[in-house]
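Asker: Sharing a structure, written as structure tokens. Questions coming.
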Amino acid sequence: MKRKKIDPILAATRKARAWFRRENLTTRPQSVTWSPPDAAVLIGQIVAIEYASDKFDGERRIYRHEFTKLHDMAVSTDGTTIIVLPGFRVTTRGIEG
């Protein structure tokens, strides 16, 4: 059975609504031009990620996620892309994995 292809703008909108949990905090999705790198250099392991977001109530806060499982971090040879392996799962609770 063939799967129906989901519109990427609709999928991004749904993800944003789930992430921010409030309609008025959800902005319109934007297309991003990006090509995966052909090569990358392993530079270390990620033990935590911090980011600023106004999710949930519109007030900007810094969120920190520490990981019990190490993830490899590589950077593209041109320095424009960071790659994390294995990848993370991003949910409304934050970054998991």
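Asker: Give me the distance in nm between label points sitting 7 Å out from Cα along the Cα-to-Cβ direction at SER31 and ILE95, one decimal.
Answerer: 2.8 nm
Asker: Follow-up question, since we're still on this one. For ALA52 and ALA39 in one chain, what is 0.36 nm times their gap in residues minus the Cα-Cα distance, to one decimal in nm?
Answerer: 1.8 nm
Asker: If you don't mind, there's one more thing I want to ask. Would you tally the net charge around ALA39, using a Cβ to Cβ cut-off of less than 15 Å, leaving ALA39 out, and scoring K and R as +1, D and E as -1?
Answerer: Value of the local net charge: -3.
Asker: Go ahead and run the numbers for FRET between GLU66 and ASP7, Cβ-Cβ distance against an R0 of 35 Å, rounding to 0.05.
Answerer: With R0 = 35 Å, the Cβ-Cβ based efficiency is 0.50.
Asker: Find the all-direction average of the projected area of the Cα convex hull for the chain, expressing the result in square nanometres with one decimal place.
Answerer: Spelled out: convex hull of the Cα atoms, projected over all directions, averaged, 8.6 nm².
Every number here is computed from the coordinates shown, using simple stated rules; none is lab data. Remember, it's a predicted structure, so these values are computed and weren't measured experimentally. Cβ atoms come from the backbone with ideal geometry, glycine included; neighbour counts cover every protein chain shown.
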